[in-house]
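Presented below is the structure to which this report refers.
The values are calculated or read from the model by the stated rules, or taken from the named source; none is laboratory data. Because the structure is a prediction, the values reported are computed rather than measured. Note that each Cβ is placed from the backbone with ideal geometry, even for glycine, and that neighbours are counted across all protein chains shown.
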Amino acid sequence: MNATLPPAVLTQVLSRSKRLFWLKLAGISGFMWLFFVAYFHLLRQPARPVFEMPLTALDRWLPFQEWALPAYLSLWLYVGLAPGLMTRFRTLLSYGLWACVLCLAGLACFYGWPTAIPAYTGPAPDAVLYRLLQGVDAAGNACPSMHVASACYTGLWLDRLLRAMGAAGTWRFGNGVWAGLIVYSTLAVKQHVALDVMAGALLGALMALAALRWSLAGREGIVDRTGEGMAPASCGVPVRNC
């Protein structure tokens, strides 16, 4: 299969990224800032005794892998891709509202059941990125992994948008690989344990599937009235003019 995007899709990427650009930039930046204010407050001042997450056989077997650090940090670029490709305010609003529900659910878990991962006792990596990460993202607020939840939520929305744009299957596959690498990296850089990852993946996937099926954007304004050029349905919802 040809891995080159058709010209029409390239044109869509450029035009979509320009639509509502300043609103997207301000919205994404403001949303992240508000989330991290609450996140770090709960991290530094847990409401209850912190529960240490148990290690699984996978956690004990998997070594620290320095190559996964860029994949872990790439989440902050990845989460901007789906809203960056949206052209309608209604779609952006639905995406943001469900992302808010996702984050509130995670923060509620951190408040009601504070968790942390066991201290990493393996060989200390010399990577500058790792030292930076340890200084910013401590071992608390572990379960569910919001890193994983955000990657899964973004990945499913982005898959829908790529289908609506008529992108080749290789690009949807690439989206899945990127999301998968982010999920794997949380284990490989010892920021989460397997139970955190499973809980985060479940939370992110459930929120994305609910958003794609029941959001305002999913119920109104998506179907092209002419029926022409409409991509196959995703999660039971036609994908068009997202």
Exclusive hit being modelled with pLDDT under 95, aliphatic (A, V, I, L, M) and under 24 Å from Leu62 (Cα atoms), set Val223, Val189, Val197, Val237: Val189
If I ask for residues that are hydrophobic (A, V, I, L, M, F, W, C) and within 19 Å of Cys103 (Cβ to Cβ), which ones from the range 187-197 would you list? Val197
Restricting to the range 147-183, and then to whatever is of a type in the set (Gly, Ala, Ser) and at pLDDT 95 or above, can you tell me which residue is surrounded by the most Cβ atoms within 10 Å (Cβ to Cβ)? Ala149
Condition check for Leu73: touching a residue at least 60 places away in the same chain (Cβ under 8 Å) and within 24 Å of Ala99 (Cα to Cα): yes
